[in-house]
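S.K.: One structure follows; several queries about it will come next.
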Amino acid sequence: MQKTLCQNCILQSDAAIKLIKNQLNELTDHCSRVEFKPGEIIFKENAISTNVVYIQRGLVKIHTDNFSKDRILRLTKAPSYLCLPGVLGDSINRFSATTIEPTLACFIDIHVFKKFILENGDFAYQIILALSQNEIKSFQVSLNLAQKQANGRVADALLYFAREIYNSQVFMLPFSRQELGDWMGISRESVSRILGEFHSAHIIYQNGKEITILNEELLEQISQKG
DNA sequence: CCATTAATTATCG
DNA sequence: CGATAATTAATGG
């Protein structure tokens, strides 16, 4: 295991920055980091987890195939922590995590992590903050899915990639149409059809997985109207 | 309005 | 070239 690792990458995490020096050393001793290629599984649902996973760099999807179809619950962009709800509760992962871009992940021993929460209020506060934000986002996602129709959901997905992930009107979709459908809760055929319609209406330019947003304002309207 | 089915076409390895 | 993904059209809930 590499030493002095955690001190070096610490700036990326609001929570870890609150750790004091000897806690950082302890973190280094109980943490390993792993490179993932796109499409690799970080962990699977129903597995017992003894780690908290910290995503240092990359993009990950949280999904479940508990139902007959795969459902993508959310994407999470570095930096962020995974597994917290499971690991702090019954230690069983409720969901799977799979990378969709090259990802660097740190596996942190759960006992050390719990100790930090008990010892260090600033650290604990940062973790609670992150969990709270996640919960609010989950509510928003639920509401959107409940109220919007398919073209609104696809518009949402495109705006999400453009704004939250790539900060660009031009980007390569990291998803197949199937995955987009799994994410927004619609069929892959509908995704194809709606992207085709957006293309014809010159709202986007589409060439395979290459997407250019031509009329963000209109996309926004479609997203709002549902 | 959209899922499903089915048939066709494009793309990947 | 065979397998997989994407597109398109038709049908029905």
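S.K.: Share of chain A's accessible area from carbon and sulfur, percent, 1.4 Å?
M.R.: About 53 percent, which is the carbon plus sulfur part of the accessible surface.
S.K.: Using the crude model of +1 on Lys and Arg Cβ and -1 on Asp and Glu Cβ, and no other charge, please compute the dipole size for chain A relative to its Cα centre, in debye to 20.
M.R.: 120 debye
S.K.: So, for chain A, what is the accessible surface per residue at a probe of 1.4 Å, expressed in square angstrom?
M.R.: Computed with neighbouring chains in place, this is 53 Å² per residue.
S.K.: Show me the GluC sites (Glu not before Pro) within the range A:122-199 that DSSP assigns to loop and that have at most 10 other Cβ atoms within 10 Å of their Cβ.
M.R.: Sparse-neighbourhood loop GluC sites (Glu not before Pro): none present.
S.K.: Right, another one. Treat each spin label as a single point 7 Å out from the Cα along the C-beta direction, and report the A:Val141 to A:Leu118 distance in nm.
M.R.: Calculated label separation equals 3.2 nm.
S.K.: Given Cβ point charges of +1 (Lys, Arg) and -1 (Asp, Glu) and nothing else, what value in debye, to the nearest 20, does the dipole of the range A:18-62 about its Cα centre take?
M.R.: 180 debye
S.K.: Select from the range A:34-112 those trypsin sites (Lys or Arg not before Pro) which occupy a DSSP coil region and have at most 14 other Cβ atoms within 10 Å, ordered by residue number.
M.R.: A:Lys44, A:Lys69
S.K.: Of A:Lys44/A:Lys69; A:Lys77/A:Lys137; A:Lys18/A:Lys44; A:Lys21/A:Lys115; A:Lys18/A:Lys115, which pairs sit farther than 18 Å apart, going by alpha carbon to alpha carbon?
M.R.: Result: A:Lys18/A:Lys44 exceed 18 Å.
S.K.: At R0 = 22 Å, how high is the FRET efficiency between A:Ile48 and A:Asp14 if r is their beta carbon distance? Nearest 0.05 is fine.
M.R.: 0.20
S.K.: Tell me, how many Å apart are the Cα centres for the range A:35-95 and for the range A:160-211?
M.R.: Cα centres, the range A:35-95 to the range A:160-211: 23 Å.
The values are calculated or read from the model by the stated rules, or taken from the named source; none is laboratory data. On a predicted model such as this, the values are computed, not experimentally measured, just so you know. Here Cβ is always computed from backbone atoms with ideal geometry, including for glycine, and neighbour counts include all displayed protein chains. For the accessible areas, the whole protein counts, side chains as well, though only heavy atoms, and no ligand, DNA or RNA atoms are used. Shrake-Rupley method; radii C 1.70, N 1.55, O 1.52, S 1.80 Å.
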